[in-house]
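Remarks on the structure that follows.
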Amino acid sequence: VQLQASGGGLVQAGGSLRLSCAASGRTSSSYNMGWFRQAPGKEREFVASIRWSGGSTYYRDSVKGRSTISRDNARNTVYLQMNSLKPEDTATYYCAASSRTYANSRFSNSYDYWGQGTLVTVSS
């Protein structure tokens, strides 16, 4: 499975971005999908995840209410809509796919495949 993240860029505080993650190869709509981010000098952290069915979503507290994760299984694509962006949201964002249905989606070691990352920079 190959994951291609896109949609990052430079935005002012309060602005919005929509990140996309396109899956190719041996894709499966039964994969759980997640977004993580890593700021310079910091560890990678969980941002949001969505179950394969799309019925359950999870968010880190700091983005809850400002972000929405969704998926289009027909297009093999997952989205992360981010609104009211803050400078502390600046990071490289990575999408990931997990074949482990019952693994905790907040942990990076629950995922089997990773995209290359897309940089989000929020200016104050």
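Out of the residues in the stretch 38-67 that are of a type in the set (Val, Ile, Thr) and closer than 18 Å to Trp114 by Cβ, state the one that is modelled with the highest pLDDT.
Val47
Of all residues in the stretch 21-45, those satisfying the criterion of being surrounded by 13 or more Cβ atoms within 10 Å (Cβ to Cβ) and closer than 13 Å to Thr92 by Cα are Trp35, Phe36, Arg37, Gln38, Ala39, Arg44, Glu45. Kindly indicate whether any position in the stretch 76-88 is under 14 Å from the mean Cα position of the chain (by Cα), under 29 Å from Ala13 (Cβ atoms), at pLDDT 95 or above and exposed (fewer than 14 other Cβ atoms within 10 Å of the Cβ). Within the stretch 76-88, none of the residues are under 14 Å from the mean Cα position of the chain (by Cα), under 29 Å from Ala13 (Cβ atoms), at pLDDT 95 or above and exposed (fewer than 14 other Cβ atoms within 10 Å of the Cβ). Taking the criterion of being open to solvent by less than 60 Å² (accessible area, probe 1.4 Å) and either within 26 Å of Gln12 (Cβ to Cβ) or not in a strand (DSSP E or B) (or both), the residues of the stretch 46-59 that qualify are Phe46, Val47, Ala48, Arg51, Gly54, Ser56, Tyr59. Examine the stretch 20-28 for a residue that is at pLDDT 95 or above and part of a loop (DSSP other than H, G, I, E, B), and state whether such a residue exists. No, the stretch 20-28 contains no residue that is at pLDDT 95 or above and part of a loop (DSSP other than H, G, I, E, B).
Selection of the stretch 1-19 for residues being closer than 17 Å to Tyr111 by Cβ, touching a Leu at 6+ places or on another chain (Cβ under 7 Å) and either assigned to a loop (DSSP other than H, G, I, E, B) or free of Cβ contacts under 8 Å to residues at least 12 places away in the same chain (or both) yields an empty set. Filtering Ala48, Ala39, Ala91, Ala23 for residues that are out of contact with any His (no Cβ under 6 Å at 6 or more places or on another chain), of a type in the set (A, V, I, L, M) and touching a residue at least 60 places away in the same chain (Cβ under 8 Å) leaves a single hit, Ala23.
The values are calculated or read from the model by the stated rules, or taken from the named source; none is laboratory data. As the structure is a prediction and not an experimental result, all values here were calculated from the model. Backbone-built Cβ (ideal geometry, glycine too); neighbour counts: all protein chains shown. Heads up: the accessible areas ignore ligands, DNA and RNA and are worked out on the full protein's heavy atoms, side chains in. Shrake-Rupley method; radii C 1.70, N 1.55, O 1.52, S 1.80 Å.
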